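Comments concern the structure below.
The values are calculated or read from the model by the stated rules, or taken from the named source; none is laboratory data. Since the structure is predicted, the reported quantities are computational estimates derived from the model, not experimental observations. Cβ placement follows ideal geometry from the backbone for every residue including glycine, while neighbour counts extend to all protein chains displayed. Areas reflect the complete protein model, heavy atoms only, side chains present, ligands, DNA and RNA absent. Shrake-Rupley method; radii C 1.70, N 1.55, O 1.52, S 1.80 Å.
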Amino acid sequence: MRPIVDLSIRVGLLFAAVGPVDAQVRRVPSQHATISAALAAASSGETILVAPGVYKESLVWPKTDGIRLMAEEGPAKTTIDANKAGRVIMFGSSSISRATVLEGFTITGGLMKTSRNYGVGIHINGASPTIRGNKVTGNTGDGTSWNYGGGFYIYGSSANPLVIANEISSNTLQNGSWNYGAGIYISGGARGDILGNYIHGNQNLTVSSSSTGRGHGAGIFVDGAALVASNLIVNNTNNTSGWNYGGAIKIERRGNALVLNNTLAGNRCVGTIYNYGGALHVSGSATFSFIGNIVATNTASGGTFKGGGGLYRDSSTGGTPTLDYNDVWSNTGGDYSNLTKGANSIAVDPQFVSSSDWHLKSSSPCVDAIPAKHLTSAVEMDFEADPRRLDGDLDGGKTNGARLDIGADEFTDMRLTYSGTPKLGTISWFAFTAPSSSIYILFMDGKRGNLHLEPFGNLLLTLGLVYMHGGTTTGKVPWLIPNAPALAGLTTHHQALILAVPTTGAARLTNLVTLTVH
């Protein structure tokens, strides 16, 4: 089926509908030789577009709020590398809100070797930026005392950043007496929303024979208030010579955490003396909710004292834990310690696609296992930004309503995909795939809402939808973006409504694709 309207006109109408965007775009390196120079010159509301390349810089973000720093072609082609000369990026002003955006870079090469190393990759003190779609990897804190936050350090009572859709991997804290949060560290009265990230291969280690240390929260350490939702947290390791608590997540006794619909798999506490909570360790007075998570094949083993390969809570009193609708299965050292699993939790193989692919199979007992009432704005998207309640059992909501899956991934075999980078003055393409031929309509919008359409599923667009195209499974949809500088930095959302699936007769919604015009 042919597009019903000219998409270039529609993009212009969409731009007008979502409000004014400052036309000022600064470019690196064609206008500014360095990212630091562009940041120093930028005003609120401006976008800095960075061409592919490796930028050997350590950035100190200015106090100006509302600057959007974006890589033109994403983290695979654009790197900010501190070149082992300190931390990579620092946000240090409470004037910074979530209107400030860092998006699309590999952030690496951070190395700090003082006695106290705080925030080697990204250091956030009192600020609240949006950190989206980056790869934060290969940053190391190597000191004798405090090593806090290998990938992210979030601190200060005014801090409330949004950390969303990043890959946080292979960051290391080592040899300190306290090695906390190799992936992410939250403390000092800070809050943070940690949503839809892939957190893997981070390590708290003792590699020096003269050091006796602690490894807490190799994936995430929480001693503040945190929403931790729809993250894939796998293969993180605590292996120090002292206390090893929380291979995936450690919630300290002052912490208050809402932990929803994550997948915690293959995380380990395997140090010399104490190893507790291969997936999750909670100090006694912490308050937390742990709902809708998969906790599988994590380990607390070795050493002199060990236990709770899955979920471990200190025996001390205080705090309020709430657990339910989790799948906790096959964790070395036990599944639950000092915690009650909840009436609706299960303990069965979640059926991952493979040992290295944590998507769910269609036959997984975690598919459509949580009642629809548990859908909140906190879990409206899975770790791939697919909408929740995608009706994985293909019944169109006829027997059990549109329910959520347990874990970070929401199963679907109906997918909308996009190829290329949305650039001004170019044409790129959408495609739709399904196990059998289907008729669909593709929408786009400039704002992301959260509307449930019974029985279709979760529509993550506002009501003011822009109709782009109707077609079949075999169709590809072109997107022509005008060469209008004012569109740079505009974020658009795209989702397809399947009008008919011949095998079931059920109408359904696909995943959401979120794109930013460069």
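Would you confirm whether or not segment 288-300 contains a residue that is open to solvent by 40 Å² or more (accessible area, probe 1.4 Å), assigned to a loop (DSSP other than H, G, I, E, B) and in contact with a His (Cβ under 7 Å, 6 or more places away or on another chain)? Before the answer, list the steps.
Looking only at segment 288-300, we keep the residues that are open to solvent by 40 Å² or more (accessible area, probe 1.4 Å), and these are 297.
Add one more test, that the residue is assigned to a loop (DSSP other than H, G, I, E, B), and what stays is 297.
If we keep only those that are in contact with a His (Cβ under 7 Å, 6 or more places away or on another chain) too, we end up with none.
For segment 288-300, residues open to solvent by 40 Å² or more (accessible area, probe 1.4 Å), assigned to a loop (DSSP other than H, G, I, E, B) and in contact with a His (Cβ under 7 Å, 6 or more places away or on another chain): absent.
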Show the residue pairs that are 6+ apart or on different chains and have beta-carbon atoms under 7 Å apart, the first residue being within segment 382-410 and farther than 19 Å from residue 229 by Cβ and open to solvent by 10 Å² or more (accessible area, probe 1.4 Å), the second being modelled with pLDDT under 85 and aliphatic (A, V, I, L, M). 394/506; 395/506; 401/372
Apart from one, (1) modelled with pLDDT of 95 or more; (2) open to solvent by 10 Å² or more (accessible area, probe 1.4 Å); (3) assigned to a loop (DSSP other than H, G, I, E, B) all hold for residue 96; the odd one out is (2)
Looking only at segment 131-151, filter to residues that are open to solvent by 10 Å² or more (accessible area, probe 1.4 Å) and over 24 Å from residue 68 (Cβ atoms); which one of those is nearest to the chain's Cα centre (by Cα)? 138
Subset of segment 429-441 that is more than 26 Å from the chain's Cα centre (by Cα) and not in a loop (DSSP other than H, G, I, E, B) - its residue that is surrounded by the most Cβ atoms within 10 Å (Cβ to Cβ): 440
Tally, over segment 110-130, of residues that are in a loop (DSSP other than H, G, I, E, B) and open to solvent by 10 Å² or more (accessible area, probe 1.4 Å): 4
Would you mind telling me which numbered condition in (1) polar (S, T, N, Q); (2) without any contact (Cβ under 8 Å) to a residue 40 or more places away in the chain; (3) open to solvent by 70 Å² or more (accessible area, probe 1.4 Å) residue 351 fails? (3)
Would you confirm whether any residue within segment 360-367 is touching a Gly at 6+ places or on another chain (Cβ under 6 Å) and open to solvent by less than 60 Å² (accessible area, probe 1.4 Å)? yes
Quick one: what pairs do we get from segment 194-222, first residue over 11 Å from residue 150 (Cβ atoms) and touching a residue at least 12 places away in the same chain (Cβ under 8 Å), second open to solvent by 40 Å² or more (accessible area, probe 1.4 Å) and charged (D, E, K, R), C-beta under 6 Å, 6+ apart or different chains? 198/167
All positions within segment 192-234 that are closer than 22 Å to residue 410 by Cα, in contact with an Asp or Glu (Cβ under 7 Å, 6 or more places away or on another chain) and in a strand (DSSP E or B): 198, 227
I'd like the full set of residues that are modelled with pLDDT under 85 and either assigned to a strand (DSSP E or B) or among the aromatic types (Phe, Trp, Tyr) (or both), limited to segment 442-456. 451, 452, 453, 456
Which condition number does residue 285 fail, the rest of (1) at negative phi; (2) open to solvent by less than 10 Å² (accessible area, probe 1.4 Å) being met? (2)
